Amino acid sequence: MVFTFWLSLFIVFYTFFGYGIVLYILVKLRALVKGNRPIPDNKGIWPTLSLIISAYNEEDCITDKIKDTLALTYPADKLEIIFVTDGSSDRTPEIVAQYPQIKLMHEAARKGKLAAIHRVMGHVKSEIVVLTDANTFLNHDALLLLCRHYADPKIGAVSGEKRVKIDDVADATAGEGFYWKYESKLKTWDAELYSIVGAAGELISYRTALYEPIPPDTILDDFMISILIAEAGYRVVYEPLACATETGSDNVKEELKRKIRIAAGGIQCIVRLKKVLNPFRNFTLTFQYISHRVLRWTVTPFLMVLAFIINAIIAYQTHALVYELLFAAQVFFYTLSLLGWIMERQQIKVKIFFIPYYFCMMNYAVAAGIKRYISKSQSAVWEKSKRR
């Protein structure tokens, strides 16, 4: 029982904090031996680029998105802008059609984002594809910052940074912004060591020639595509200066819905990407994939519960100070989370409680996502979350 407790506690700590520490040390050691990875010099030669924006019933923000997109810096003769609005039943396609600089692709049937992307990719002739969403806004140099990396032929995909705009009067979704700041740092180190493991769909680019159609029921298409590129032997790098900014979820219920979908998609990816789990194919990629993704999406949330229960039993039976202190720390943390849940329901804004609450909500979402995946009740057709 004691061994199980310490093993569970170690895995939980490693998943959320230890991997970051190990990764930081490995990056520093690599820099000492080989130096920091340089940013490729493209000598002013830019690849042809297709910017694809997926929009489903986004009439409230589509005009702002179009203006933001047209203001992006990139050689005009190398850039093609495509808005795909499949399934939209509002004025989104009509609004996009008012701009002759933009290519509109629309079908009335709603088959999901992945089906729409597959359809569009059949028409793309450019060297690089950039995917982003209608409710995210890019900094003006984002495309240049992404595409400069493709001067290195070993780089197959480049992910931008997702930033969550949190209102001054924040509720428990404030934890979303904190989470993405931490994720951004991990991705920076992942890319410095070798490759990031899974790109966020808010801003991802890849070589068109490496695009591989994936099953239409794939839930996390952006994650799957980027991992397949890494599995093929190319690096997937991170460009934190290319930013996709969006507002936080409208409330915790909406954020939970999104997290459960991601968790279900994560399990689906783990099942379908068995080759990446083989360390003899690419040890560094497997190490990063398991440490950064697999543990979070599988055993860690359950080990948190197991560690709490076993800790309580050992502390009660032995009265050993170390176990009593560890149990008290866990009780304190989960009490903060519970208070965060209560205050969120009462609309009381105390941020110190929201990060523990968000952390526990994320891990609950993993369990719910696993259940949803096993029961085959998670559709690949995205039901968008309400945002502020």
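The values are calculated or read from the model by the stated rules, or taken from the named source; none is laboratory data. Computed from a predicted model, the values in this text were never measured in an experiment. Here Cβ is always computed from backbone atoms with ideal geometry, including for glycine, and neighbour counts include all displayed protein chains.
Here are a few things to note about the model shown:
- Looking only at the range 93-106, and only at residues there that are touching a residue at least 24 places away in the same chain (Cβ under 8 Å) and surrounded by fewer than 17 Cβ atoms within 10 Å (Cβ to Cβ), the one that is nearest to ASN135 (Cα to Cα): TYR99
- Subset of the range 250-278 [without any contact (Cβ under 8 Å) to a residue 40 or more places away in the chain and surrounded by 17 or more Cβ atoms within 10 Å (Cβ to Cβ)]: ILE270
- Condition check for GLU324: farther than 30 Å from ALA191 by Cα, of a type in the set (Asp, Glu), assigned to a helix (DSSP H, G or I) and over 26 Å from the mean Cα position of the chain (by Cα): yes
- Here the helices (runs of 4 or more DSSP H) wholly within the range 1-114 that include at least 1 residues being more than 26 Å from the chain's Cα centre (by Cα) and small (Gly, Ala, Ser) are 19-34.
- Meets criteria (modelled with pLDDT of 85 or more and within 19 Å of MET121 (Cα to Cα)) for TYR211: yes
- From the list THR48, THR63, THR92, THR4, the one residue that fits, being under 24 Å from LYS154 (Cα atoms) and hydroxyl-bearing (Ser, Thr, Tyr), is THR48.
- Test: ASP90 is in contact with an Asp or Glu (Cβ under 6 Å, 6 or more places away or on another chain), at pLDDT below 95 and either buried (at least 17 other Cβ atoms within 10 Å of the Cβ) or not polar (S, T, N, Q) (or both): yes
- Residue in the range 364-386 that is more than 30 Å from ILE214 (Cα to Cα) and either surrounded by fewer than 18 Cβ atoms within 10 Å (Cβ to Cβ) or at pLDDT 80 or above (or both) present: no
- Scanning the range 59-74 for residues that are surrounded by fewer than 14 Cβ atoms within 10 Å (Cβ to Cβ) and either within 22 Å of ASP141 (Cβ to Cβ) or touching a strand residue (DSSP E or B) at 6+ places or on another chain (Cβ under 8 Å) (or both) gives ASP64, LYS67, LEU70, ALA71, THR73.
- Long-range neighbours under 8 Å by Cβ, at least six apart or interchain, first residue under 22 Å from PRO356 (Cβ atoms) within the range 314-330, second at pLDDT 95 or above and of a type in the set (Val, Ile, Thr): TYR323/ILE314
- Every pair of residues 6+ apart whose Cβ atoms lie under 7 Å, when the first sits in the range 209-222 and is under 9 Å from GLY265 (Cα atoms) and touching a residue at least 60 places away in the same chain (Cβ under 8 Å) while the second is small (Gly, Ala, Ser) and in a helix (DSSP H, G or I): ILE219/ALA264; ILE219/GLY265
Yes/no matrix, rows are residues, columns are (1) out of contact with any strand residue (DSSP E or B) (no Cβ under 8 Å at 6 or more places or on another chain); (2) at pLDDT 95 or above:
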{"position": "TYR150", "(1), (2)": "no, yes"}
{"position": "ALA157", "(1), (2)": "no, yes"}
{"position": "LYS162", "(1), (2)": "no, no"}
{"position": "LYS165", "(1), (2)": "no, no"}
{"position": "VAL169", "(1), (2)": "yes, no"}
{"position": "GLY177", "(1), (2)": "no, no"}
{"position": "LYS181", "(1), (2)": "yes, no"}
{"position": "SER184", "(1), (2)": "no, no"}
{"position": "TYR194", "(1), (2)": "no, yes"}
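- Odd one out for CYS360 among (1) of a type outside the set (A, V, I, L, M); (2) at pLDDT 95 or above; (3) touching a Ser or Thr at 6+ places or on another chain (Cβ under 7 Å): (2)
- In summary, LYS113 fulfils each of the numbered conditions (1) at pLDDT 90 or above; (2) closer than 28 Å to PHE223 by Cβ; (3) of a type outside the set (A, V, I, L, M, F, W, C) with the single exception of condition (1).
- Within the range 236-279, the set of residues being under 18 Å from the mean Cα position of the chain (by Cα) and acidic (Asp, Glu) comprises GLU239, GLU246, GLU254, GLU255.
- A residue that is under 28 Å from THR69 (Cα atoms) and assigned to a loop (DSSP other than H, G, I, E, B) can be found somewhere in the range 227-249.
- Flag if THR286 is without any contact (Cβ under 8 Å) to a residue 12 or more places away in the chain, among the hydroxyl-bearing types (Ser, Thr, Tyr), in a helix (DSSP H, G or I) and surrounded by 18 or more Cβ atoms within 10 Å (Cβ to Cβ): yes
- Residue that is farthest from ILE267 (Cα to Cα) [pool: residues in the range 230-249 that are surrounded by 22 or more Cβ atoms within 10 Å (Cβ to Cβ) and of a type in the set (A, V, I, L, M)]: ALA242
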